[in-house]
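Data first, discussion second: the structure below is written as structure tokens.
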Amino acid sequence: MSPYLFIFLVLVTGTVSGQNLPRDADGKPDLQGIWRPVNRASFDLEDHVARHDMPAGISVIDGETIPYQPWAAEQKIQNFENRASMDPLNNCYLPGVPRIMAMESPFQIFQTTNHIAITFEWQQVYRLIYTNGSPPLYAGIESWMGNSRGHWEGDVLVVEVIDQNDKTWLDAAGNFHSNEIHVVERYRLIDKDTIEYEATIEDQNVFTRPWTIQLELQRQKHMNGILEYQCQAEKEEENGAFERDENTWYPALIPPNNEPFDPNAGQSIPLPTVTEEVSRLSDGTPNIGGYYMADAGGANYGLEEHEREILLPPSRGQVIDPIDGILPYQTWARSERIDRQLPHRGYDDPTAHCFVAGVPRSHYVPAPFFILQPPGYIVVLHERMSWRRIALNGEHSLPDTIRLWQGDSIGYWEEDTLIVESKNFNGKSWLNEVGDVVSHMQTVVETFTPVDENQIIYRATVSDPIPYTRPWTIEMPFNQEDEELLEVACLEDNADLQHLKDVQDEYRQNQNTE
Amino acid sequence: MISFFKTITLLLTFSLTSFTNNAFAHHAFAAEFDRDKPISFTGTVTEMKWANPHAWIYVDVENSNGEVINWALETRAANNLIRLGWRPADLPVGTILQIQGWQARNNTPTASLSAAMLPDGRSLFSNSPN
């Protein structure tokens with residue numbers, strides 16, 4: 001399509017349908033929903049014929065080709081020829097902007113007055129776009145996905161993306177940029193199910209002038225939510241670097257020698273007391289949106305109380321039920337927990353591989369998170385890269401066979417406490433670095449009680465009949481701070497893993513020679 | 001291993017808790033590093049990688065044979081250092097550091113950094129760069 005015709009159509013259809021667009025409470029076009037690009041741009045932004053790993057496609061560039069500087073045009077050819085090894089996505093790295101917007105998988109947009117979040121399946125990356133007019137708190141700190149600040153120009157959401165590093169590509173064909181890249185995106189809702197997306201790319205180190213791509217994003221009306229694609233975890237499972245745990249991974253069964261699980265054992269603990277009036281959303285629910293850091297008391301180093309040791313931080317113990325603070329393990333699972341703390345098992349902790357921490361661990365790994373309250377959802381963005389989508393007042397929608405690192409979560413407000421119920425876990429997570437055990441049969445009930453303007457008391461009750469004899473509950477405060485999330489691109493330099501592997505390999509070698 | 005180094009003058013002279021490196025871990029430190037292999041030496045910074053979940057400082061250290069070994073020292077997450085106010089310019093190449101830590105179990109010149117002191121006596125990556 002000629003760019004002039006394209007722009008003409010956008011203008012005409014935009015004008016005609018603008019009156020009937022879905023709008024949010026602020027009157028802005030409502031972009032919230034699940035979207036997917038309709039194009040072949042993820043393979044190659046330019047015109048391209050079909051190849052074995054690459055269906056043919058028409059250029060999405062205004063002007064047909066990318067205006068490279070001569071040296072950069074040469075570099076692009078090199079990149080293309082070596083794309084199998086050089087494409088950052090083949091190492092499961094984060095895609096950057098705008099490449100992430102053109103990838104094949106659907107993504108979900110959540111919209112509030114001050115922030116727009118976009119969550120993706122790929123490595124559970126997300127974008128947090130500030131639309132509150134605030135300047136970046138950490139300007140100049142480069143990252144894979146950059147820093148996104150947005151504003152509305154009439155009915156168009158305009159997002160500026162700065163501080164991207166030079167490690168990402170623009171597509172799978174080797175089109176590239178430097179760390180001088182500056183991207184301006186425009187999201188224009190042209191009817192309730194279509195977004196015309198534009199991204200203008202400027203990079204004086206690589207191109208001779210700014211240039212623009214145009215994509216059509218279509219609403220995925222049949223989907224309740226997007227799923228997960230933990231690229232690196234899938235890769236390591238396939239090549240044997242991350243080994244199956246038959247005791248916990250789906251679809252492990254309850255061991256025949258287990259003591260019976262008593263789902264009703266345990267205390268009825270009253271919810272925390274609200275000490276001062278909290279701010280509220282227009283519908284009256286407490287406003288819990290913002291940046292939080294758990295006062296986790298060392299939960300990531302053990303949920304049961306222990307003293308500081310060299311190379312192991314202390315834990316104050318987070319278990320409030322059972323009252324003795326001891327997790328109600330089955331005998332075999334207690335043995336497994338003790339074994340996991342031995343040096344040769346350090347390699348088996350999924351977070352050492354940069355995999356997602358699971359629930360509830362994502363909240364108490366030593367990294368902050370950001371809560372958003374768009375209509376119908378609670379969304380949690382974890383700096384140690386992953387997200388959780390909690391559908392409010394809904395029903396679990398996944399079949400039993402679909403298993404996720406973060407599970408399937410639904411929530412509801414009971415007075416001023418948010419209650420979240422999660423299931424459909426994959427059983428691959430550890431609860432912390434010392435290896436507290438959880439399986440795919442875990443169900444988690446979490447309560448988030450805002451007790452004052454700056455603090456949530458968080459509890460998680462885990463019921464898991466594989467490793468435990470009864471449910472148990474942990475508690476910790478989440479403290480709100482005036483801060484911004486940074487990026488943890490954990491795979492970029494995970495040098496630890498080889499050291500941990502060496503320790504495990506040496507142990508196994510010694511076992512074999514004995 | 002310890003006697004291998006020339007500059008073993010500091011034997012845990014600064015507090016272990018002054019630098020809670022492992023409080024920002026994404027893996028079990030006791031699995032990767034050996035509490036029975038404390039290291040203590042003076043090194044010259046050759047590079048720092050501001051990475052997450054751990055930043056790495058590389059230092060050249062001369063051993064008793066006069067050989068220069070490049071050690072990799074694991075420290076906190078770059079994000080944690082950034083929030084404390086530290087920036088790449090605050091640790092230029094050539095900086096001399098007095099270092100304490102624990103060596104990796106696989107005996108490579110790799111260590112978990114427990115404490116590092118700048119020539120002026122300031123503690124590296126204490127709460128603020130100043």
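The values are calculated or read from the model by the stated rules, or taken from the named source; none is laboratory data. Remember, predicted model here, so these are calculated numbers, not experimental data. Note: ideal-geometry Cβ built from the backbone for every residue, glycine included; neighbour counts use all protein chains shown.
Here is how the numbers come out for the structure above:
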quantity	calculated
Qualifying residue in the range A:280-292 (condition: in contact with a helix residue (DSSP H, G or I) (Cβ under 6 Å, 6 or more places away or on another chain), closer than 20 Å to A:E446 by Cα and modelled with pLDDT of 95 or more)	no
Top-ranked residue of the range A:52-85 - restricted to ones that are farther than 24 Å from A:P37 by Cα and either small (G, A, S) or touching a helix residue (DSSP H, G or I) at 6+ places or on another chain (Cβ under 9 Å) (or both), ranked as surrounded by the most Cβ atoms within 10 Å (Cβ to Cβ)	A:A72
Counted residues, the range A:426-438 - those being under 19 Å from A:P328 (Cβ atoms) and in contact with a Phe, Trp or Tyr (Cβ under 8 Å, 6 or more places away or on another chain)	7
Test: residue in the range A:493-514 that is aromatic (F, W, Y) and closer than 21 Å to A:V356 by Cα	no
From the options A:E202, A:E228, A:E153, A:E198, residue that is of a type in the set (D, E), modelled with pLDDT of 95 or more, closer than 20 Å to A:F120 by Cβ and in the same structural domain as A:V49 (by TED's automatic domain parsing)	A:E198
Selection within the range B:82-103 - buried (at least 21 other Cβ atoms within 10 Å of the Cβ), within 14 Å of chain A (Cβ to nearest Cβ) and over 12 Å from the mean Cα position of the chain (by Cα)	B:W86
Any hit, the range A:333-340, residues being within 28 Å of the chain's Cα centre (by Cα) and touching a residue at least 24 places away in the same chain (Cβ under 8 Å)	yes
Residue selected from the range A:280-330 under the condition assigned to a loop (DSSP other than H, G, I, E, B), of a type in the set (G, A, S) and within 14 Å of another protein chain (Cβ to nearest Cβ), by the criterion farthest from A:T113 (Cα to Cα)	A:G302
Within the range A:272-312, tally of residues that are touching a Pro at 6+ places or on another chain (Cβ under 9 Å) and closer than 30 Å to A:G346 by Cα	16
Hits in the range A:182-198 - residues which are in contact with a helix residue (DSSP H, G or I) (Cβ under 7 Å, 6 or more places away or on another chain) and crowded, with 20+ Cβ neighbours inside 10 Å	A:R188, A:I190, A:E196, A:Y197
Extreme residue, farthest from the chain's Cα centre (by Cα), among residues of the range A:413-434 that are of a type in the set (S, T, Y) and part of a strand (DSSP E or B)	A:T417
Extreme residue, farthest from A:S42 (Cα to Cα), among residues of the range A:201-216 that are surrounded by 17 or more Cβ atoms within 10 Å (Cβ to Cβ) and β-branched (V, I, T)	A:V206
Residue tally, condition in a strand (DSSP E or B) and either within 20 Å of the chain's Cα centre (by Cα) or of a type in the set (G, A, S) (or both), over the range A:210-239	1
Residue in the range A:384-398 that is touching a residue at least 40 places away in the same chain (Cβ under 8 Å), crowded, with 22+ Cβ neighbours inside 10 Å and either in contact with a Leu (Cβ under 6 Å, 6 or more places away or on another chain) or in a loop (DSSP other than H, G, I, E, B) (or both) present	yes
Test: residue in the range A:459-470 that is aromatic (F, W, Y), surrounded by 20 or more Cβ atoms within 10 Å (Cβ to Cβ) and closer than 25 Å to A:I371 by Cα	no
Those residues of the range A:405-419 which are of a type in the set (A, V, I, L, M, F, W, C), under 18 Å from A:V462 (Cα atoms) and surrounded by fewer than 23 Cβ atoms within 10 Å (Cβ to Cβ), in sequence order	A:W405, A:I410, A:I419
Number of the condition not met by A:E277 [criteria: (1) assigned to a helix (DSSP H, G or I); (2) in contact with a strand residue (DSSP E or B) (Cβ under 9 Å, 6 or more places away or on another chain)]	(1)
Failed criterion for A:W430 (all others in (1) more than 14 Å from chain B (Cβ to nearest Cβ); (2) of a type in the set (F, W, Y); (3) surrounded by 22 or more Cβ atoms within 10 Å (Cβ to Cβ) hold)	(1)
Subset of the range B:32-81 [within 14 Å of chain A (Cβ to nearest Cβ), over 22 Å from A:A357 (Cα atoms) and in a loop (DSSP other than H, G, I, E, B)]	B:W50
Residue, nearest to the other protein chains (Cβ to nearest Cβ), within the range B:107-122, restricted to residues that are in a loop (DSSP other than H, G, I, E, B) and touching a Leu at 6+ places or on another chain (Cβ under 9 Å)	B:L118
Per-region count, the range A:486-514, residues in a helix (DSSP H, G or I), surrounded by fewer than 16 Cβ atoms within 10 Å (Cβ to Cβ) and acidic (D, E)	2
Those residues of the range A:356-380 which are on the phi < 0 side of the Ramachandran plot and away from chain B (no Cβ under 14 Å), in sequence order	A:V359, A:P360, A:H363, A:I371, A:L372, A:Q373, A:P374, A:P375, A:Y377, A:I378, A:V379, A:V380
Filtered residues of the range B:25-50 (kept if of a type in the set (G, A, S) and surrounded by 21 or more Cβ atoms within 10 Å (Cβ to Cβ))	B:A25, B:A28, B:A30, B:A31, B:G43
Those residues of the range B:87-106 which are under 25 Å from A:I141 (Cα atoms) and part of a loop (DSSP other than H, G, I, E, B), in sequence order	B:R87, B:L91, B:P92, B:V93, B:G94, B:T95
